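> First the structure, which I've put down as C-alpha cells, then a few questions once you've had a look.
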Amino acid sequence: MILSIDEQIDIFILVFSAGIISGIIYDLLEILRMNIKHCKAMIYTEDIIYWIVIIVLLFLVLLDKNYAEIRFFNIAGFFSGMIAYGLVFSKIIKKIIITVLKWIKCILNLLFEIIMTPLRLIWIIIGKPVMTVGNFTKGYLKKLLHLCDYYAKINKKKLSAQMRFIRRKKDKTES
C-alpha cells in the first residue's frame with residue numbers, strides 16, 4: 001500500500017517514540033539489575049525476553065499503522081530513537097529514577113519506624129514482666145503436668161512409641 005508523506009512522517013515519529021520508550025524500559029531493567037544481584041544466565045535471559053517483547057510490540061504497532069510493511073525508515077526510526085535516548089536522556093533519567101527510589105525507600109523506612117515505635121515502647125514496658133510470668137508459669141506447669149502423669153514430650157519420630165506407651169499405661173490402670 002502506498003503511504004503519503006504525512007503518513008510516513010507520522011509512522012516515523014511513532015516508531016522513533018517507540019525507540020525512546022524501549023530505551024526507558026531497558027534503563028528500568030538496568031536499575032533492577034543494580035538493586036538485585038543477577039547471574040549472567042539471568043541477565044542473558046532477561047535481555048532475550050526484553051528484545052522478544054519489544055520486537056513483538058513494535059511489529060503489532062507497525063501492523064496497525066503501517067499494514068505490516070516493514071520499511072527501512074521504520075527500522076531506522078526505531079534505532080535512532082533508542083540511540084537518541086541513550087545519548088541524550090539515559091543518564092538523566094537513570095539519576096532521576098534512582099533518586100526517586102531512594103526517596104521512596106527513605107519514606108517507607110520512616111513510616112515503618114513510625115509504626116514500630118509505639119509497639120517497641122509497649123514491649124519495653126510490658127516485655128520483661130510478661131517474660132518473667134511466662135518463665136515462672138512454664139516451670140510450675142511442667143511440674144504440675146508431671147505430677148498428673150500427662151506430660152510427655154512429643155517427637156515426630158517417637159510419636160508412635162509414645163502412643164503405644166499411653167495405651168499400655170491405660171490398660172494397666174483399667175485392670
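Every number here is computed from the coordinates shown, using simple stated rules; none is lab data. Predicted model only: the values in this text are computed from it and were never measured. Positions of Cβ are backbone-derived with ideal geometry, glycine not excepted, and every protein chain shown enters the neighbour counts.
> Over all alpha-carbon pairs of the range 48-112, lay out the pair-distance distribution in 10 Å bins, whole %, shortest bin first.
Answer for the range 48-112: a P(r) of 18, 29, 26, 18, 8, 1 percent.
> Relative to the present Cα-Cα distance, how much length would full extension add between Ile126 and Met42 at 0.36 nm per residue of separation?
Roughly 25.4 nm would be gained on extension.
> Sticking with this structure for a sec: Rg and Dmax of the range 1-84 over Cα atoms: what are they, in angstrom?
15.0, 49
> Something else about it: As an exercise, use a Förster radius of 41 Å and the Cβ-Cβ distance of Asn35 and Lys65 to find the FRET efficiency, rounded to the nearest 0.05.
Efficiency for this residue pair is about 0.70.
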